[in-house]
1. Quick one: accessible surface of W102, probe radius 1.4 Å, all protein chains present, in square angstrom to the nearest 10.
2. Using a Förster distance of 41 angstrom, determine the FRET efficiency expected from the C-beta separation of Y17 and A295, and round it to 0.05.
3. Could you go through region 49-55 in sequence order and give the Karplus-derived ³J(HN,Hα) for each residue, using 6.51 cos²θ - 1.76 cosθ + 1.60 with θ = phi - 60°, rounded to whole Hz, and x for Gly and Pro?
4. Tilt of helix 146-159 relative to the longest C-alpha principal axis of the chain, in degrees (0 to 90, nearest 10)?
5. W102 versus K143, label points 7 Å from Cα toward the beta carbon: distance in nm?
6. Specify which residue in the list M190, M231, L133 is farthest towards the positive end of the charge dipole of the chain, using unit charges on the beta carbon of Lys, Arg (+1) and Asp, Glu (-1), about the Cα centre.
7. Computed over the Cα atoms, what is the radius of gyration of region 1-178 divided by 2.2 N^0.38 Å, N being its residue count?
8. Once a ≥ b ≥ c are taken as the square roots of the eigenvalues of the Cα gyration tensor of region 232-281, is the result rounded (a/c under 1.5), prolate (a/b larger than b/c) or oblate (a/b not larger than b/c)?
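The values are calculated or read from the model by the stated rules, or taken from the named source; none is laboratory data. Only a predicted model underlies this, so the values are computations on that prediction, with no experimental measurement involved. Here Cβ is always computed from backbone atoms with ideal geometry, including for glycine, and neighbour counts include all displayed protein chains. Areas reflect the complete protein model, heavy atoms only, side chains present, ligands, DNA and RNA absent. Shrake-Rupley method; radii C 1.70, N 1.55, O 1.52, S 1.80 Å.
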Amino acid sequence: MNKKKPVRLRPYYKTRYTYEKLRVCKHCRSFTVLWEDKCASCGKHMLIPVMEQAKINAKRSMQSERLISLLITLAAVLFSQTFLQIILCLLGGIALTALLWWFQRKMLETETRRQLDKLLRISERRIIEGIYLNLTTASAAIKDDEQLGYEILREIATIVHNDRIRLQQIMLLQTFVLRKDMELELDPLMLDGFEPALAEYIGELAKIKRELVKNKAIRYVLLYEREILRMKNGAGIMTTVAGAAVRMKKYVDSYPDFIHRYARQLPQERFLRLYQLVRRNPNQSWNGLRDEVSAIYNEKYRWDPEFQKWE
Ligand SMILES: [Zn+2]
(Lines give C-alpha, C1' and ligand atoms only; values in the text may rest on other atoms or scores of the structure.)
Protein backbone atom coordinates (compact mmCIF):
# COMPACT_ATOMS: atom_id res chain seq x y z
CA MET A 1 0.00 0.00 0.00
CA ASN A 2 1.12 3.55 -0.77
CA LYS A 3 2.25 5.85 1.98
CA LYS A 4 -0.70 7.32 3.86
CA LYS A 5 -1.47 10.97 3.32
CA PRO A 6 -2.40 13.53 5.94
CA VAL A 7 -5.75 15.12 5.07
CA ARG A 8 -8.17 17.62 6.52
CA LEU A 9 -11.66 16.49 5.59
CA ARG A 10 -14.29 19.12 4.97
CA PRO A 11 -16.97 19.19 7.67
CA TYR A 12 -19.74 16.75 7.16
CA TYR A 13 -23.27 17.90 7.90
CA LYS A 14 -25.56 15.24 9.18
CA THR A 15 -29.17 15.79 8.29
CA ARG A 16 -32.24 14.29 9.88
CA TYR A 17 -33.64 13.01 6.61
CA THR A 18 -31.58 11.78 3.70
CA TYR A 19 -33.51 13.85 1.15
CA GLU A 20 -32.27 17.03 2.85
CA LYS A 21 -28.97 16.47 1.05
CA LEU A 22 -30.70 16.48 -2.32
CA ARG A 23 -30.85 19.64 -4.42
CA VAL A 24 -32.70 20.19 -7.66
CA CYS A 25 -31.94 22.57 -10.51
CA LYS A 26 -34.80 25.01 -11.09
CA HIS A 27 -33.80 25.29 -14.72
CA CYS A 28 -33.31 21.73 -15.97
CA ARG A 29 -34.69 19.68 -13.04
CA SER A 30 -31.45 17.72 -12.53
CA PHE A 31 -30.68 16.44 -9.04
CA THR A 32 -27.43 16.38 -7.06
CA VAL A 33 -26.25 15.39 -3.58
CA LEU A 34 -23.02 17.38 -3.81
CA TRP A 35 -22.28 20.95 -2.77
CA GLU A 36 -21.44 22.47 -6.19
CA ASP A 37 -22.66 26.02 -7.00
CA LYS A 38 -23.45 25.34 -10.63
CA CYS A 39 -25.74 22.66 -11.99
CA ALA A 40 -23.51 19.98 -13.57
CA SER A 41 -26.06 19.39 -16.35
CA CYS A 42 -26.93 22.89 -17.58
CA GLY A 43 -24.30 25.07 -15.90
CA LYS A 44 -26.83 27.47 -14.36
CA HIS A 45 -26.64 28.70 -10.76
CA MET A 46 -30.13 27.51 -9.97
CA LEU A 47 -29.74 24.65 -7.52
CA ILE A 48 -32.12 24.70 -4.57
CA PRO A 49 -32.84 22.15 -1.80
CA VAL A 50 -35.69 19.79 -2.67
CA MET A 51 -37.60 21.00 0.40
CA GLU A 52 -37.56 24.53 -1.01
CA GLN A 53 -38.79 23.24 -4.36
CA ALA A 54 -41.58 21.35 -2.57
CA LYS A 55 -42.63 24.57 -0.83
CA ILE A 56 -42.72 26.42 -4.15
CA ASN A 57 -44.88 23.62 -5.59
CA ALA A 58 -47.19 23.70 -2.57
CA LYS A 59 -47.67 27.47 -2.87
CA ARG A 60 -48.28 27.17 -6.59
CA SER A 61 -50.94 24.48 -6.16
CA MET A 62 -52.65 26.54 -3.45
CA GLN A 63 -52.63 29.56 -5.67
CA SER A 64 -54.45 27.66 -8.40
CA GLU A 65 -57.03 26.49 -5.89
CA ARG A 66 -57.71 30.10 -4.90
CA LEU A 67 -57.91 31.07 -8.55
CA ILE A 68 -60.47 28.32 -9.20
CA SER A 69 -62.50 29.50 -6.25
CA LEU A 70 -62.48 33.07 -7.60
CA LEU A 71 -63.43 31.84 -11.08
CA ILE A 72 -66.40 29.96 -9.65
CA THR A 73 -67.45 33.15 -7.85
CA LEU A 74 -67.17 35.07 -11.09
CA ALA A 75 -69.21 32.47 -12.97
CA ALA A 76 -71.88 32.59 -10.29
CA VAL A 77 -72.02 36.37 -10.57
CA LEU A 78 -72.34 36.15 -14.37
CA PHE A 79 -75.22 33.71 -14.14
CA SER A 80 -77.04 35.70 -11.49
CA GLN A 81 -80.37 37.09 -12.55
CA THR A 82 -81.09 39.71 -9.92
CA PHE A 83 -78.99 42.34 -8.24
CA LEU A 84 -79.46 40.62 -4.88
CA GLN A 85 -78.17 37.36 -6.33
CA ILE A 86 -75.09 39.16 -7.65
CA ILE A 87 -74.37 40.64 -4.22
CA LEU A 88 -74.92 37.31 -2.46
CA CYS A 89 -72.73 35.36 -4.90
CA LEU A 90 -70.02 37.97 -4.69
CA LEU A 91 -70.01 38.08 -0.89
CA GLY A 92 -70.28 34.32 -0.56
CA GLY A 93 -67.49 33.73 -3.09
CA ILE A 94 -65.15 36.23 -1.45
CA ALA A 95 -65.89 34.82 2.01
CA LEU A 96 -65.22 31.27 0.81
CA THR A 97 -61.97 32.27 -0.92
CA ALA A 98 -60.83 34.06 2.24
CA LEU A 99 -61.67 30.98 4.28
CA LEU A 100 -59.81 28.82 1.80
CA TRP A 101 -56.77 31.13 2.02
CA TRP A 102 -56.83 31.00 5.82
CA PHE A 103 -57.12 27.23 5.75
CA GLN A 104 -54.28 26.93 3.21
CA ARG A 105 -51.96 28.98 5.42
CA LYS A 106 -52.57 26.49 8.23
CA MET A 107 -51.94 23.59 5.89
CA LEU A 108 -48.80 24.89 4.19
CA GLU A 109 -46.45 22.58 6.07
CA THR A 110 -48.56 19.47 5.48
CA GLU A 111 -49.00 20.37 1.83
CA THR A 112 -45.24 20.96 1.44
CA ARG A 113 -44.57 17.48 2.81
CA ARG A 114 -47.11 16.01 0.40
CA GLN A 115 -45.53 17.89 -2.48
CA LEU A 116 -42.09 16.65 -1.41
CA ASP A 117 -43.29 13.03 -1.47
CA LYS A 118 -44.76 13.63 -4.89
CA LEU A 119 -41.61 15.35 -6.17
CA LEU A 120 -39.37 12.51 -4.97
CA ARG A 121 -41.74 9.90 -6.37
CA ILE A 122 -42.10 11.35 -9.84
CA SER A 123 -38.41 12.28 -10.07
CA GLU A 124 -37.04 8.88 -9.13
CA ARG A 125 -35.34 8.36 -12.48
CA ARG A 126 -33.87 11.86 -12.58
CA ILE A 127 -32.56 11.48 -9.01
CA ILE A 128 -30.78 8.26 -10.00
CA GLU A 129 -29.34 9.97 -13.09
CA GLY A 130 -28.16 12.87 -10.91
CA ILE A 131 -26.43 10.56 -8.45
CA TYR A 132 -24.90 8.66 -11.33
CA LEU A 133 -23.43 11.95 -12.56
CA ASN A 134 -22.17 12.63 -9.01
CA LEU A 135 -20.51 9.21 -9.05
CA THR A 136 -18.78 10.04 -12.33
CA THR A 137 -17.46 13.20 -10.67
CA ALA A 138 -16.28 11.06 -7.77
CA SER A 139 -14.40 8.56 -9.93
CA ALA A 140 -12.73 11.41 -11.83
CA ALA A 141 -11.70 12.97 -8.50
CA ILE A 142 -10.42 9.72 -6.98
CA LYS A 143 -7.67 9.49 -9.60
CA ASP A 144 -5.88 12.64 -8.52
CA ASP A 145 -7.59 13.77 -5.34
CA GLU A 146 -8.49 10.92 -3.02
CA GLN A 147 -9.75 13.28 -0.36
CA LEU A 148 -12.26 14.95 -2.68
CA GLY A 149 -13.25 11.52 -3.99
CA TYR A 150 -13.95 10.33 -0.47
CA GLU A 151 -15.94 13.44 0.43
CA ILE A 152 -18.10 13.05 -2.66
CA LEU A 153 -18.71 9.36 -1.93
CA ARG A 154 -19.61 10.22 1.65
CA GLU A 155 -22.37 12.53 0.42
CA ILE A 156 -23.61 10.00 -2.12
CA ALA A 157 -23.68 7.32 0.58
CA THR A 158 -26.32 9.27 2.51
CA ILE A 159 -28.75 8.55 -0.32
CA VAL A 160 -27.44 5.36 -1.89
CA HIS A 161 -26.72 2.47 0.43
CA ASN A 162 -24.65 -0.19 -1.26
CA ASP A 163 -21.53 -2.20 -0.59
CA ARG A 164 -19.67 -0.98 -3.67
CA ILE A 165 -19.78 2.63 -2.45
CA ARG A 166 -18.96 1.56 1.13
CA LEU A 167 -15.95 -0.44 -0.06
CA GLN A 168 -14.69 2.49 -2.15
CA GLN A 169 -14.97 4.73 0.90
CA ILE A 170 -13.05 2.24 3.06
CA MET A 171 -10.33 1.90 0.42
CA LEU A 172 -9.93 5.69 0.24
CA LEU A 173 -9.94 6.05 4.03
CA GLN A 174 -7.09 3.56 4.14
CA THR A 175 -4.98 5.98 2.08
CA PHE A 176 -5.35 8.73 4.73
CA VAL A 177 -3.62 9.23 8.04
CA LEU A 178 -6.60 8.91 10.38
CA ARG A 179 -6.78 11.20 13.39
CA LYS A 180 -8.95 11.35 16.47
CA ASP A 181 -10.40 14.76 15.56
CA MET A 182 -11.63 13.62 12.15
CA GLU A 183 -15.31 13.05 11.53
CA LEU A 184 -15.12 9.34 10.89
CA GLU A 185 -17.83 6.74 10.84
CA LEU A 186 -17.94 3.01 11.16
CA ASP A 187 -21.43 1.51 11.43
CA PRO A 188 -22.65 2.91 8.08
CA LEU A 189 -19.58 1.42 6.38
CA MET A 190 -20.04 -2.15 7.59
CA LEU A 191 -20.09 -4.79 4.84
CA ASP A 192 -21.57 -8.28 4.89
CA GLY A 193 -18.61 -10.17 3.50
CA PHE A 194 -15.01 -10.32 4.68
CA GLU A 195 -12.84 -7.45 3.49
CA PRO A 196 -9.29 -7.04 4.85
CA ALA A 197 -9.42 -3.25 4.34
CA LEU A 198 -12.49 -3.04 6.56
CA ALA A 199 -10.83 -5.21 9.24
CA GLU A 200 -7.81 -2.90 9.14
CA TYR A 201 -10.02 0.17 9.36
CA ILE A 202 -11.87 -1.27 12.38
CA GLY A 203 -8.52 -2.00 14.02
CA GLU A 204 -7.36 1.56 13.41
CA LEU A 205 -10.55 3.10 14.78
CA ALA A 206 -10.34 0.83 17.83
CA LYS A 207 -7.07 2.63 18.51
CA ILE A 208 -7.97 6.26 17.80
CA LYS A 209 -11.76 6.42 18.17
CA ARG A 210 -12.83 3.55 20.38
CA GLU A 211 -16.31 4.95 20.91
CA LEU A 212 -17.12 4.05 17.29
CA VAL A 213 -16.50 0.36 17.90
CA LYS A 214 -19.94 -0.97 18.75
CA ASN A 215 -21.86 -4.24 18.47
CA LYS A 216 -21.80 -4.29 14.68
CA ALA A 217 -18.01 -4.00 14.46
CA ILE A 218 -17.40 -6.48 17.27
CA ARG A 219 -19.72 -9.00 15.66
CA TYR A 220 -17.93 -8.47 12.34
CA VAL A 221 -14.45 -9.23 13.69
CA LEU A 222 -15.84 -12.25 15.56
CA LEU A 223 -17.54 -13.59 12.45
CA TYR A 224 -14.29 -13.28 10.47
CA GLU A 225 -11.86 -13.95 13.30
CA ARG A 226 -10.18 -16.79 11.42
CA GLU A 227 -9.66 -14.67 8.29
CA ILE A 228 -8.42 -11.70 10.30
CA LEU A 229 -5.91 -13.81 12.22
CA ARG A 230 -4.45 -14.83 8.87
CA MET A 231 -3.73 -11.17 8.06
CA LYS A 232 -0.32 -9.66 8.77
CA ASN A 233 -1.45 -7.67 11.80
CA GLY A 234 -4.56 -9.76 12.42
CA ALA A 235 -3.90 -10.58 16.07
CA GLY A 236 -3.20 -6.90 16.69
CA ILE A 237 -6.58 -5.96 15.18
CA MET A 238 -8.44 -8.50 17.32
CA THR A 239 -6.64 -7.27 20.45
CA THR A 240 -7.34 -3.58 19.86
CA VAL A 241 -11.01 -4.36 19.23
CA ALA A 242 -11.13 -6.35 22.49
CA GLY A 243 -9.42 -3.37 24.14
CA ALA A 244 -12.10 -1.04 22.77
CA ALA A 245 -14.89 -3.40 23.88
CA VAL A 246 -13.86 -3.35 27.54
CA ARG A 247 -14.79 0.33 27.72
CA MET A 248 -18.37 -0.71 28.50
CA LYS A 249 -19.77 -3.40 30.73
CA LYS A 250 -22.46 -4.29 28.22
CA TYR A 251 -19.82 -5.50 25.76
CA VAL A 252 -18.14 -7.62 28.42
CA ASP A 253 -21.58 -9.06 29.23
CA SER A 254 -22.18 -9.87 25.57
CA TYR A 255 -18.72 -11.08 24.50
CA PRO A 256 -16.88 -12.54 27.55
CA ASP A 257 -15.26 -15.36 25.55
CA PHE A 258 -13.88 -12.97 22.97
CA ILE A 259 -12.34 -10.75 25.65
CA HIS A 260 -11.06 -13.86 27.42
CA ARG A 261 -9.13 -14.90 24.30
CA TYR A 262 -7.32 -11.57 23.99
CA ALA A 263 -7.11 -10.39 27.61
CA ARG A 264 -3.50 -11.50 27.91
CA GLN A 265 -2.37 -9.36 24.96
CA LEU A 266 -4.19 -6.19 26.07
CA PRO A 267 -1.91 -3.23 26.71
CA GLN A 268 -1.64 -2.27 30.37
CA GLU A 269 -4.07 0.64 30.19
CA ARG A 270 -6.81 -1.48 28.56
CA PHE A 271 -6.19 -4.37 30.94
CA LEU A 272 -6.53 -1.95 33.86
CA ARG A 273 -9.92 -0.95 32.50
CA LEU A 274 -10.99 -4.60 32.32
CA TYR A 275 -9.59 -5.22 35.79
CA GLN A 276 -11.64 -2.33 37.20
CA LEU A 277 -14.80 -3.71 35.58
CA VAL A 278 -14.14 -7.12 37.10
CA ARG A 279 -13.54 -5.63 40.54
CA ARG A 280 -16.67 -3.54 40.36
CA ASN A 281 -18.83 -6.55 39.54
CA PRO A 282 -17.89 -9.19 42.11
CA ASN A 283 -20.86 -11.42 41.28
CA GLN A 284 -20.05 -11.89 37.60
CA SER A 285 -17.87 -14.76 36.48
CA TRP A 286 -18.31 -13.96 32.77
CA ASN A 287 -17.77 -17.55 31.79
CA GLY A 288 -14.26 -17.80 33.25
CA LEU A 289 -13.10 -14.33 32.22
CA ARG A 290 -12.96 -13.29 35.87
CA ASP A 291 -10.48 -16.10 36.69
CA GLU A 292 -8.38 -15.26 33.65
CA VAL A 293 -8.21 -11.59 34.68
CA SER A 294 -7.12 -12.61 38.21
CA ALA A 295 -4.45 -14.91 36.78
CA ILE A 296 -3.07 -12.20 34.46
CA TYR A 297 -3.15 -9.71 37.30
CA ASN A 298 -1.18 -12.04 39.55
CA GLU A 299 1.40 -12.77 36.88
CA LYS A 300 1.96 -9.31 35.44
CA TYR A 301 0.51 -6.47 37.46
CA ARG A 302 0.51 -7.50 41.06
CA TRP A 303 3.17 -4.96 42.02
CA ASP A 304 2.12 -2.30 39.56
CA PRO A 305 1.35 1.00 41.37
CA GLU A 306 -1.44 1.78 38.86
CA PHE A 307 -3.25 -1.33 40.04
CA GLN A 308 -2.53 -0.79 43.72
CA LYS A 309 -5.03 2.07 43.79
CA TRP A 310 -7.70 -0.51 43.13
CA GLU A 311 -6.81 -2.84 45.93
ZN1 LIG B 1 -29.58 22.57 -14.49
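1. 140 Å²
2. 0.20
3. Whole-Hz 3J(HN,Hα) from phi for region 49-55: x, 4, 4, 5, 4, 5, 5.
4. Approximately 60 degrees, to the nearest 10.
5. Placing both labels 7 Å along Cα→Cβ, they lie 6.4 nm apart.
6. Of M190, M231, L133, it is L133.
7. Taking the Cα Rg and dividing by 2.2 N^0.38 Å, one obtains 1.56.
8. Prolate, since a/c reaches 1.5 and a/b exceeds b/c.
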